[in-house]
Amino acid sequence: MTDTYMNRGRWLAQLADPAYEWDILIIGGGATGLGAALEAASKGYRTLLLEQSDFAKSTSSKSTKLVHGGVRYLAQGDIALVREASIERGLLHRNAPHLVRNQHFIIPVYSLSDRLKYTIGLKLYDWISGRMSLGPSGFIARGEALKQMPGVKTEGLLGGVSYHDGQFDDSRLAINLAQTIFEKGGCALNYMAVTGLLKTGNRLSGVTATDTETGTVYTVKAKAVINATGVFVDDILRMDNSAAHKTIRVSQGVHLVLDRKFFPSDHALMIPKTADGRVLFAVPWHDKLVVGTTDTPVEHASLEPVALEKEITFILQTAGAYLSEQPQRSDVKSVFAGLRPLAASQGEGKKTKEISRSHKIIVSGSQLFTILGGKWTTYRKMGEDLIGRVEKELGWQRLPTATASLPIHGSDNAADRKDPLYYYGSDLNKLKETMNAHQDRWLSKELYVHEAQVRWAVEHEMARTVEDVLARRTRTLLLDAEESIRIARPVAEVMADVLHKDGNWINQQVAAFETLAAHYRLN
């Protein structure tokens, strides 16, 4: 049975009440919007978040799966950002231990100068992290490095420099944040597109929003409206002011997913200097290996960006320069692309890799609050800063934040990482009761997808489409595109049973998913 506090029909009825006024309305259901909504709801504000598609549909489900202080930001001299991110990394590790874990990284070293440079740099990283450090860095001699980095090229290897950062599951965190928002009295609705802004005089007083499933249009009143739409912030700014200037630059990051055989280690590999001056990661994730990323400027934002051939080739060639076995196109299980919204109000000549990942808040004359930039690691601090700014600008009492020590839904310090379904955290026991009662209903034993998970995703996690289940409630699409296509129809049939949909809906869902998934596999 659907969780009562997340019942979509109940909340749509609330939206239809013309007399009801929300305190804070947030547009955008990615990391930034969810962080702001949780900050607001935990302070007791009547909080509504509206997302045009699914939570974390775009950028926030396509990350490198790292919660990190940002080693490379040290090279840019952005000490403040590294410090802030290191603190937030520690808080997130504490508040969502079922999703965030301490990940040991190793940089392979092939010269004495690199050994010195990376050892000193990472000691500085440790020092900046302070008590929020996840573990000390240090040099690993060649013999031990070979044990810890199986699959790395050995010719000329002197050893490795190790350090610690965080690793997580991005869209699972997004879903757990949405659940926590409801538990704190707020509301977060997916598939609800904001199509216009309402004004009383010259001040914002709400929005018009369309339920994309039914076409129903709602007029929603709010005391404060926040634009947290990531790469789409300029679209909302132009709703407010058609002459609004462009505020962000968009950069695309691509990742390839390979079998663990290319780097069969529990440690992660960090290649510190690529041909384009970035770093490349090879990170173990859900028994696969995520390799990336790129940094390619793009002109237009989209919900489903597609990897460019040059990006795929770049990752394969760069990884191959460090791995003893060169990965080929045929080895790629899935390829996914995400867009970064970079706040670039100045220094337009800079390369995207040089633009700061820190966030920026702007307030328009009509009091539309817009947040630019940022990253998953600092989502909570972004929310705290944003709601604090709303309180200041509107003359509200400044309430203390509660999110720094707030456990996220599913928080479980005893989560067993050896269990492939660990990411359900404290929900796992209840889910497994159903799974154990129907042990013959596996949809994919290879990727650990059971019929009970599909029902759970609909009833407890607001999944509305096959894509929601296979891309974000489970990570099947990102782990193995071919396998996700194979099980799309049985997933649709289970969902149709729960949602009371017919055969036409099933066929439409399968066709839409197959079209989407085609971009995640290499032919």
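The values are calculated or read from the model by the stated rules, or taken from the named source; none is laboratory data. Note that the coordinates shown come from a computational prediction; the quantities given were computed from them, not determined experimentally. FYI the Cβ positions are ideal-geometry reconstructions off the backbone, even for glycines, and counts take in every protein chain you see.
Before we move on, is ASP276 surrounded by fewer than 19 Cβ atoms within 10 Å (Cβ to Cβ) and within 25 Å of VAL231 (Cα to Cα)?
When the stated conditions are applied, ASP276 passes them.
Yes/no matrix, rows are residues, columns are (1) surrounded by fewer than 18 Cβ atoms within 10 Å (Cβ to Cβ); (2) at pLDDT 95 or above; (3) more than 30 Å from GLY28 (Cα to Cα):
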{"position": "ILE271", "(1), (2), (3)": "no, no, yes"}
{"position": "ALA321", "(1), (2), (3)": "yes, no, yes"}
{"position": "SER324", "(1), (2), (3)": "yes, no, yes"}
{"position": "PRO327", "(1), (2), (3)": "no, yes, yes"}
{"position": "SER330", "(1), (2), (3)": "yes, yes, yes"}
{"position": "ALA343", "(1), (2), (3)": "no, no, no"}
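Restricting to region 103-118, what's the tally of residues that are in contact (Cβ under 8 Å) with a residue 60 or more places away in the chain and under 20 Å from PRO150 (Cα atoms)? Outline the logic, then answer.
Kept after step one, since they are in contact (Cβ under 8 Å) with a residue 60 or more places away in the chain, are these residues of region 103-118: 103-108, 114, 118.
From the residues that got through so far, the ones that are under 20 Å from PRO150 (Cα atoms) too are 103-108.
Adding up the residues that qualify gives 6.
Restricting to region 253-269, name every residue that is surrounded by fewer than 23 Cβ atoms within 10 Å (Cβ to Cβ) and either part of a loop (DSSP other than H, G, I, E, B) or of a type in the set (S, T, N, Q) (or both).
If the condition is that a residue be surrounded by fewer than 23 Cβ atoms within 10 Å (Cβ to Cβ) and either part of a loop (DSSP other than H, G, I, E, B) or of a type in the set (S, T, N, Q) (or both), then PRO264, SER265, ASP266, HIS267 are the ones that fit.
Identify, please: which residue in region 111-137 is small (Gly, Ala, Ser) and surrounded by fewer than 16 Cβ atoms within 10 Å (Cβ to Cβ) and is, among those, farthest from PRO272 (Cα to Cα)? Before you say what the answer is, go through the steps one by one.
The initial filter retains those residues of region 111-137 that are small (Gly, Ala, Ser), namely 111, 113, 121, 129-130, 133, 135, 137.
So of that shortlist, the ones also surrounded by fewer than 16 Cβ atoms within 10 Å (Cβ to Cβ) come out as 111, 113, 130, 135.
Working: SER111: 13, SER113: 13, GLY130: 23, GLY135: 19 Å.
Looking at the filtered set, the residue picked out is GLY130.
Among the candidates ALA471, ALA463, single out the residue that is in a loop (DSSP other than H, G, I, E, B), crowded, with 23+ Cβ neighbours inside 10 Å and either at pLDDT 95 or above or not assigned by TED's automatic domain parsing to the domain that holds MET435 (or both).
On inspection, the qualifying residue turns out to be ALA463.
For region 374-402, enumerate the residues that are surrounded by fewer than 24 Cβ atoms within 10 Å (Cβ to Cβ), touching a Ser or Thr at 6+ places or on another chain (Cβ under 6 Å) and not acidic (Asp, Glu).
If the condition is that a residue be surrounded by fewer than 24 Cβ atoms within 10 Å (Cβ to Cβ), touching a Ser or Thr at 6+ places or on another chain (Cβ under 6 Å) and not acidic (Asp, Glu), then ALA402 is the only one that fits.
Of the residues LEU428, LEU443, LEU447, which is in a helix (DSSP H, G or I) and surrounded by 15 or more Cβ atoms within 10 Å (Cβ to Cβ)?
Selected residue: LEU428, the only one of LEU428, LEU443, LEU447 that is in a helix (DSSP H, G or I) and surrounded by 15 or more Cβ atoms within 10 Å (Cβ to Cβ).
Yes/no matrix, rows are residues, columns are (1) touching a strand residue (DSSP E or B) at 6+ places or on another chain (Cβ under 8 Å); (2) among the charged types (D, E, K, R); (3) modelled with pLDDT under 95:
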residue	(1), (2), (3)
GLN103	yes, no, no
ILE106	yes, no, no
SER129	no, no, yes
ALA141	yes, no, no
GLU155	no, yes, yes
ARG172	no, yes, no
GLN179	no, no, no
GLY185	yes, no, no
THR195	yes, no, no
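Of all residues in region 192-210, how many are over 14 Å from LYS223 (Cβ atoms) and either under 26 Å from the mean Cα position of the chain (by Cα) or among the polar types (S, T, N, Q) (or both)?
8
So, LEU237, is that one at pLDDT 95 or above and assigned to a helix (DSSP H, G or I) or not?
Against the criterion (at pLDDT 95 or above and assigned to a helix (DSSP H, G or I)), LEU237 qualifies.
Name the residue that is surrounded by the most Cβ atoms within 10 Å (Cβ to Cβ), counting only residues in region 160-196 that are of a type in the set (S, T, N, Q) and within 30 Å of LEU124 (Cα to Cα). Full working, then the answer.
At the first step, the residues of region 160-196 found to be of a type in the set (S, T, N, Q) are 162, 167, 171, 176, 179-180, 190, 195.
So of that shortlist, the ones also within 30 Å of LEU124 (Cα to Cα) come out as 162, 167.
Details: SER162: 24, GLN167: 22.
Among those that are of a type in the set (S, T, N, Q) and within 30 Å of LEU124 (Cα to Cα), it is SER162.
Hey, does region 138-154 have a residue that's surrounded by fewer than 20 Cβ atoms within 10 Å (Cβ to Cβ), in a helix (DSSP H, G or I) and in contact (Cβ under 8 Å) with a residue 24 or more places away in the chain?
Yes, that holds for at least one residue.
Given (1) at pLDDT 95 or above; (2) surrounded by fewer than 15 Cβ atoms within 10 Å (Cβ to Cβ); (3) closer than 30 Å to ARG101 by Cβ; (4) more than 23 Å from the chain's Cα centre (by Cα), where does ASP497 come up short, assuming only one miss?
(3)
What are the pairs with Cβ atoms under 8 angstrom where one residue, in region 482-494, is assigned by TED's automatic domain parsing to the domain that holds ARG455 and the other, located anywhere, is acidic (Asp, Glu) and surrounded by fewer than 18 Cβ atoms within 10 Å (Cβ to Cβ)? Sequence gap at least six, or different chains.
Pairs found: GLU483/GLU446; ILE485/GLU514; ALA488/GLU514.
Does THR200 meet the test of being surrounded by fewer than 22 Cβ atoms within 10 Å (Cβ to Cβ) and closer than 30 Å to ASP114 by Cα?
no
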